[in-house]
Amino acid sequence: MSFLDSAISSIGQNLAKTATDQISQSTGINVGGALGYLFGNGQASGGANMDALGPAIAQAFAQQQQTLTLLQAELYQQSQALAAMGQQLVGIASALTQITGMIQNLEQMLQKIGQEQLFQAWQAVDNQMTNYIAAIDAAFATYGNYLSSYKTTPSSEVSLLIQNILNVNVGPVVGLRAIHDFMIGGGQARGTLQLWSLMVVPLVQQGVLDYRLAVRQYFQYYQKLTYAQLKAVNLVMEAYTFNNDPNNARNAWTQYRRQLLSQEDGFITWLVPLVYAGVQGGVFPLGPSQSSVVNFTAYDASMQLNPGVQAVRGDTDIGDSFYAPSQVFEDAEQLLANLYVTGPSARRIVVHMLYPNGAGISTLLDGLNLTLSSVGSAETVQPVSNSRLGGPFQFPRMPQDYSPMFPDQNIYTGNGFYLKRYVYSGDGGTGLANGQYNVTNLNGHDGLVAMQTYLTTERGLNKAPFQQHDIVTYPMEIDNADKFDFMNFVAYSVPSIYPG
């Protein structure tokens with residue numbers, strides 16, 4: 001796990017609602033209330049109330065030496081924890097600036113293929129968003145410094161910081177919403193995630209950039225933006241709590257959570273082209289009259305989109321079957337879960353269903369309500385989100401049609417494909433309890449084509465891979481340790497790897 005993964009995971013999961021949650025667990029300070037605790041309620045100097053606790057504790061428990069020792073030790077630990085947290089927050093914020101160097105390399109590569117205008121289109125929007133991120137970073141760094149040196153920080157400086165946080169022009173209170181809007185776009189305006197994908201896809205298609213590196217940089221870019229959102233909501237909650245306004249503090253957290261949810265489909269949507277561009281980027285034509293060379297990345301990218309391209313065997317014997325989720329998309333959904341699934345009782349399962357555009361299949365599957373079946377019980381879980389991504393995704397072509405050379409001819413049909421994203425979520429028994437789940441097998445039901453009839457009668461083949469045990473009975477498990485699980489599959493398609 002990289003540093004960025006650790007930062008997002010620790011802030012998103014362990015610290016839950018705000019970065020001060022960790023302090024709340026160890027010291028009893030209210031969530032989002034570190035500044036108020038140290039500087040609020042008219043304290044003449046930072047930590048004055050905490051300092052006053054020492055003599056008060058000594059007087060109250062003078063006759064109980066053991067209890068006095070424990071309380072004094074706990075008070076000392078509070079002081080050390082607050083100072084350490086401030087230093088940690090400043091360190092994390094500084095380390096995230098390393099992403100900038102990775103982004104700059106893209107402009108140089110785009111210049112080599114004459115596509116620098118794609119970088120300019122992305123940069124024009126990203127620069128506007130960067131102004132808000134800079135204000136958040138500055139406020140967050142000050143916040144961390146004030147916590148780490150609270151005994152020497154004047155309360156007047158903290159009051160000024162609160163005003164800056166709630167500034168409706170450039171403060172984090174407006175930056176929280178602005179980052180979201182710039183990220184996903186709206187109307188005719190393209191968001192930075194879409195512009196990033198459009199910018200990088202040509203590099204992958206032409207073999208200039210490996211799709212796996214493109215995916216990693218896309219993840220890092222999203223982490224940078226979402227971490228800025230997380231810092232912003234932390235600051236806004238601190239400011240409202242300092243001002244004794246708990247209602248707006250809660251509203252800020254609610255707004256942040258809604259934004260995360262509304263960004264998820266867009267994040268996955270613009271990840272898909274980066275992956276399927278890797279198929280084309282792995283095909284190298286040798287010349288006008290010569291065949292092409294297909295390298296590993298073309299096959300690897302195909303298996304990320306369609307895990308059924310892997311060797312799948314078995315019809316009734318589960319031991320003969322094999323299935324593994326696509327690692328790229330599992331990592332992507334894990335990142336989204338790290339950000340959102342923060343409560344101790346929160347759970348999530350996500351299923352991706354990819355299917356070809358054509359032959360009437362897409363009409364049936366577009367509106368499919370895919371449910372989960374609980375293993376060992378009669379419980380059926382409905383999705384809380386059911387989104388079709390892509391309209392459809394059009395597989396990119398090179399000047400000549402090299403379709404016979406592509407590893408998965410089911411996806412490369414010329415008609416494109418769709419991806420449906422099903423999210424199953426629950427909070428403490430509201431639809432998704434601990435346990436194992438399978439995807440409900442709806443083949444041949446509710447208007448869906450009974451594909452095995454076509455395969456066995458007309459083509460003499462066994463069931464399609466998505467009907468076999470490896471897919472239909474693949475267990476997805478959630479519990480206290482692992483709050484999230486994932487699977488993806490291609491429906492109504494028979495994977496074929498060239499040359500057969």
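The values are calculated or read from the model by the stated rules, or taken from the named source; none is laboratory data. Just so we're clear, the structure is a prediction, and the values are computed from it rather than from any experiment. Positions of Cβ are backbone-derived with ideal geometry, glycine not excepted, and every protein chain shown enters the neighbour counts. Protein only, heavy atoms only, side chains kept; ligands, DNA and RNA dropped before computing areas. Shrake-Rupley method; radii C 1.70, N 1.55, O 1.52, S 1.80 Å.
Laid out as a table, the results:
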item	result
Accessible-area composition of the range 112-269, carbon plus sulfur, in percent [1.4 Å probe]	49 percent
Set of the range 361-378 residues, backbone N closer than 18 Å to the point 7 Å along the Cα-Cβ line of Asn438	370-378
Built amide H within the under 5 Å cut-off of Glu379, gap 5+	Ser374
Efficiency of FRET from Cβ geometry, Val208 and Val384, R₀ 30 Å, rounded to 0.05	0.15
J(HN,Hα) series, the range 127-140, from Karplus relation 6.51 cos²θ - 1.76 cosθ + 1.60, nearest Hz, glycine and proline x	4, 4, 5, 4, 4, 6, 5, 4, 5, 5, 4, 5, 5, 5
Protein-only accessible surface order, largest first, of Lys483, Lys231 at 1.4 Å	Lys483, Lys231
Rg in Å to one decimal, and Dmax rounded to a whole Å, for the range 131-255 via C-alpha atoms	18.0, 58
